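Here the structure is laid out as structure tokens; the discussion comes afterwards.
Just so it is clear, none of the values below were taken in a lab; they were calculated from the coordinates. It should be emphasised that the depicted structure is a prediction, and the values quoted were computed from it without experimental measurement. Cβ atoms come from the backbone with ideal geometry, glycine included; neighbour counts cover every protein chain shown.
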Amino acid sequence: PCTIGVESTIVDFVNGEPIILRQGGVSLESIENTLNREVKTKTSSSRPVAPGMLDIHYAPKVPVVIDTIDHMLEKLPAEKIGYLAFNKSNPKIPRQNQFVLSKTGNLTEAAQNFFYFLRKLDALDLALLVAEYLPEEDLGRAINDKLRRAATRYENLNLPTNSM
């Protein structure tokens, strides 16, 4: 874990208008409050102008889906699934295959743990990582952006039905 956990926020001022190019440690709300104005976001691009704008930028080796555990358990045995949860573990998944970003629901703590836990899950012999979205506010927005990018290349993942 590290101090903030997600990279820096990148803001561009095109024609004097602030646009967030990459969600990061400084939240959209913080920037809007400081500038006393609405700020737009542009977080994806086939022609990136800032680091972290490619859709596969954060993708680990193991496929990532943003879905419910129960839905994925219909497709794979629990031992082959890794789980990255916001604030609660899941008794259906082996303990060594899951990490809780913040048991207290603290977005700062979740951000500090995000990349560390994602890499730990990626190092296990798993078929799939299942992640859940965090609240879409403050650092949760930045983490969700990273999750969406990690899952992008697996959108059309076809998994066999679990034969248990």
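Brief remarks follow.
- Relative packing of 140-147, 104-111, 33-40, which averages over residues the other C-beta atoms within 10 Å, highest first: 140-147, 104-111, 33-40
- By the rule of a C-alpha distance below 15 Å, with chain neighbours fewer than 8 residues away ignored, the aspartates and glutamates paired with Lys75 are Asp67.
- Under 28 Å from Lys80, Cα to Cα: lysines that are on another chain or at least 8 residues apart: Lys61, Lys88, Lys92, Lys103, Lys120, Lys146
- Considering only alpha-carbon pairs that sit under 8 angstrom and 6 or more positions apart, the relative contact order computed for the stretch 64-152 is 37 percent.
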